[in-house]
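Read through the structure below, which is laid out as structure tokens, and then see the notes.
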Amino acid sequence: MMDKDKIKDIVRQKFTDYLTVKKCRKTPERFAILDMIYSIPGHFDMDSLNNAMNNEHFRVSKGTLYNTMQLLLDCKLVLKHQFGNSHSHYERAFNNDFHHHLICSQCGCVQEYKDNELKSMIQNKKIKRFTPSLYSLYIFGICGKCSAAMKRRKNNTK
């Protein structure tokens, strides 16, 4: 795994190259948002990103956040997830450990799940006339906390 500063330098350069090709402005706000995203471990939503920016005393408008996020999605530096609700979650794409997602149907919590055997099996799968570049696996079910709460409720009603 690369160190954080090296990763941030690489993604800044990739973003700069992308903005140049697309003839977009290279604003300090866009790069501050990129730096913040690559400082956040795991998943985040737009509200938590906005709060993190405010906590660092770098205020940006919601419009700037959403527009920059779209640019970062387009240049493949950020991944967008829809975990079964209407609320979008994001995570950094560059140099991110590969993982799957376990989503609780009751409380909505999302856990990252790593399984090298499953990863290898999916990556080595040949698909006729198709070359995958990325995949995402969502596994929906009931988390341990919700399962225990359901058992307690069931036992209390007896």
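What follows is calculated from the coordinates using simple rules that are stated; it is not laboratory data. Only a predicted model underlies this, so the values are computations on that prediction, with no experimental measurement involved. With ideal geometry, Cβ positions are generated from the backbone for all residues, glycine too; neighbour counts draw on all protein chains shown.
Please compute, over every Cα-Cα pair in the chain, the percentage with a separation greater than 23 angstrom.
Roughly 50 percent, once rounded to a whole number.
For a quick check: with amide H placed at 1.01 Å from N, whose amide H comes under 5 Å from His100's, ignoring anything fewer than 5 positions away on the same chain?
Hits under the 5 Å cutoff: Tyr113, Lys114, Asp115.
Among Thr27, Tyr38, His57, whose Cα sits farthest toward the positive end of the charge dipole of the range 3-95 (+1 at Cβ of Lys/Arg, -1 at Cβ of Asp/Glu, about the Cα centre)?
Thr27
Can you tell me the FRET efficiency between Ala149 and Lys14 if r is taken as the Cβ-Cβ distance and R0 is 35 Å, rounded to the nearest 0.05?
Efficiency, from the Cβ-Cβ distance: 0.20.
With +1 on each Lys and Arg Cβ and -1 on each Asp and Glu Cβ, how big is the dipole of the chain about its Cα centre, in debye rounded to the nearest 20? Intermediate results must be reported in sequence, preceding the final value.
Values: 27 positive and 15 negative charges, 127 e Å.
Its charge dipole is roughly 620 debye.
Along each of the three principal axes of the Cα atoms of the range 52-133, give the extent in whole Å, ordering the values from largest to smallest.
Taking max minus min along each principal axis of the Cα atoms, the range 52-133 gives 47, 33, 23 Å.
Could you check the simple spin-label distance between Ile122 and Lys76, using points 7 Å along Cα→Cβ, in nm with one decimal?
Result for the modelled spin labels: 1.7 nm.
Using just the helices of the chain, give the 222 nm mean residue ellipticity in deg cm²/dmol: DSSP H runs with n ≥ 4 each add -39,500 (n - 2.57), and the total is spread over all residues, rounded to 500.
Rounded to the nearest 500, it is -14000 deg cm²/dmol.
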